[in-house]
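Structure first, commentary second.
What follows draws every value from the coordinates through simple rules; no lab data is involved. Only a predicted model underlies this, so the values are computations on that prediction, with no experimental measurement involved. Neighbour counts are summed over all protein chains in view; Cβ atoms, including those assigned to glycine, are modelled from backbone coordinates with ideal geometry.
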Amino acid sequence: MGLTVSPLAAAPTKQIFTSGTSQTYTTPAGCILLKVTCVGGGGAGGGCAATSTAQVAGGAGGNSGATAIKWIANPAATYTYSVGAAGAAPTAGNNSGGSGGNTTFSTITAGGGSGGAGGGAVGGFPVFASGSTTTVATASGGDINISGGSGQPVWALASGQFYGGGGAESTFGPGGPARQGGGGAGASAGGYGDGGGGGQVGASSSAQAGAAGGSGLIIVEEFYV
């Protein structure tokens, strides 16, 4: 970048933001370079309907948020930022998960992940019970822009063999793991920006809810003369 930092430079500092909308970041005195990492909120997993004999149901996993990384030389005195909220968990039943919010810092944007599709009761195996949302989150304004991942669909070979519904991982960890076998409510996202897991049930079971996604994140690393 053409920027030289003295070997006697003060130790870098760091600020981490996990919530907030239209907030103001203030650059510390003496700071000559910022490294900003933004992660969008993760989408929630889908819920699933109740089943009868020889049926299964499952919601898809939520998509993860995108990531943007930017180095800002000679930073301005202040910047406006917002941290994307986690996608909200749906109620039990064939209901899609909520989408995560966008994370922004000045002109940097890390998009939030879409929620996973809900799933109705199905039989007649093998079959895909539900599919994940195909449009992944994107990032812009960074020197490095990384798209989010896609949550897993649910598929079944037989009433006792069904898999999937795991949330997509972000750059900060794994999504909610897939439910297998007996099923249950969706598994929680494992970290910032991750997708929540989808609910999943076997034959003759009650409806289940999906799990919320992980919240967005901003990390600002500050370097000095």
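Using a cut-off of 15 Å between beta-carbons, work out the net charge of the residues near G43 (Lys and Arg +1, Asp and Glu -1, G43 not included).
-2
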Within segment 52-92, which residues have the backbone N less than 16 Å from the label spot 7 Å out from T26 along Cα→beta-carbon, could you tell me? 76-81
In percent, what relative contact order does segment 1-126 have, based on Cα pairs under 8 Å that are 6 or more apart in sequence? 33 percent
Here the net charge surrounding W71, from other residues whose Cβ is less than 12 Å away from its Cβ (Lys, Arg +1; Asp, Glu -1), is -1
Taking just the alpha carbons, could you work out the radius of gyration and Dmax for the chain, both in angstroms? 20.3, 72
Determine the relative contact order of segment 71-225: mean sequence separation of Cα pairs under 8 Å and six or more apart, normalised by residue count, in whole percent. 21 percent
Among residues other than Q15 whose Cβ falls under 12 Å from its Cβ, what is the net charge (Lys/Arg +1, Asp/Glu -1)? 0
If unit charges are put on Cβ atoms (+1 for Lys and Arg, -1 for Asp and Glu) and the dipole of the chain is taken about its Cα centre, the option from A121, T24, N145 lying farthest towards the positive end turns out to be A121
To the nearest whole percent, what portion of all C-alpha pairs in segment 129-225 is separated by more than 24 angstrom? 31 percent
Treat every Asp and Glu Cβ in the chain as -1 and every Lys and Arg Cβ as +1, leave all other atoms uncharged, and give the resulting dipole magnitude about the Cα centre to the nearest 20 debye. 100 debye
Go through 138-148, 188-198 and give me the packing order, highest mean Cβ count within 10 Å leading. 188-198, 138-148
